[in-house]
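Presented below is the structure to which this report refers.
The values are calculated or read from the model by the stated rules, or taken from the named source; none is laboratory data. Note that the structure is predicted; figures quoted are calculated from it, not measured. Glycine also receives a Cβ, built like all others from the backbone with ideal geometry; neighbour counts cover every protein chain displayed. Remember, those area values only see protein heavy atoms, side chains included, never the ligands or the DNA or RNA. Shrake-Rupley method; radii C 1.70, N 1.55, O 1.52, S 1.80 Å.
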Amino acid sequence: MDKPLDLIEFETMLLGRHMHLRSPRAGGAPERLDRSAYTLLSRIQVEGPMSIGQLSAAFSLDASTLNRQTAAMLRAGIVERIPDPEGGMARKFAMTEKGERRLAADRAANLDGLAKVMADWTAEEVADFAAQLSRLNRDVERLDGRPWPRG
């Protein structure tokens with residue numbers, strides 16, 4: 001079994017590399033969100049406004065790392081700090097309209113790129129790959145104890 005595992009490890013490393021190579025859009029359009037902003041915005045989109053503590057628990061990142069990341073996001077105008085809608089003491093990060101637009105644009109670009117990569121795949125191959133990738137992510141999340149909320 002270690003030969004297939006070796007291949008999976010190698011291919012997931014490459015997949016991570018390819019996802020890092022997302023380049024800014026051509027033609028003077030805004031730059032793409034960096035990977036951390038894309039991931040944080042995606043989580044906030046699913047869960048709603050989140051505090052540093054909630055983000056820390058969700059991503060297993062320390063507060064100083066999240067403070068740097070969210071500060072950059074605040075400067076970019078893609079999140080804002082709001083009072084806790086549930087009345088708690090901690091302020092929460094919510095996506096701005098600009099953040100929603102940028103996340104939607106990046107997601108559309110990602111989907112367009114995947115469609116190009118998988119243009120020669122059958123619908124069944126795409127569905128099978130999606131199911132296996134979802135299973136892999138859910139199993140990682142189960143072992144890590146931090147499932148990603150799915151809508």
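Dividing the summed helix terms, -39500 (n - 2.57) for each DSSP H run of n ≥ 4, by the number of residues in the chain produces a 222 nm estimate of -21500 deg cm²/dmol to the nearest 500. Normalised Debye scattering of the chain at q = 0.16, 0.21 Å⁻¹ gives log10 I(q)/I(0) of -1.08, -1.49, counting only Cα atoms as equal scatterers and leaving out solvent. Of all accessible surface on segment 54-130 at a 1.4 Å probe, what whole percent is carbon and sulfur? The C+S portion of the solvent-accessible surface of segment 54-130 is 57 percent. Counting only residues at least eight positions apart within a chain, or on another chain, the aspartates and glutamates with an alpha carbon under 14 Å from that of residue 98 are 31, 80, 106.
Both radii were evaluated on the Cα set of segment 71-151; the Rg over Rh quotient, with Rh as the Kirkwood radius, amounts to 1.11. Surface exposure of the chain, expressed per residue as accessible area with a 1.4 Å probe, stands at 69 Å². Would you be so kind as to identify which of 143, 113, 70 lies farthest towards the positive end of the dipole of segment 60-151, taking Lys and Arg as +1 and Asp and Glu as -1 on Cβ and the Cα centre as origin? Farthest along the dipole direction, towards plus: 70. Summarising the amide proton neighbourhood of residue 96: residues at separation of 5 or more, or on other chains, whose placed amide H is nearer than 5 Å comprise 79, 80.
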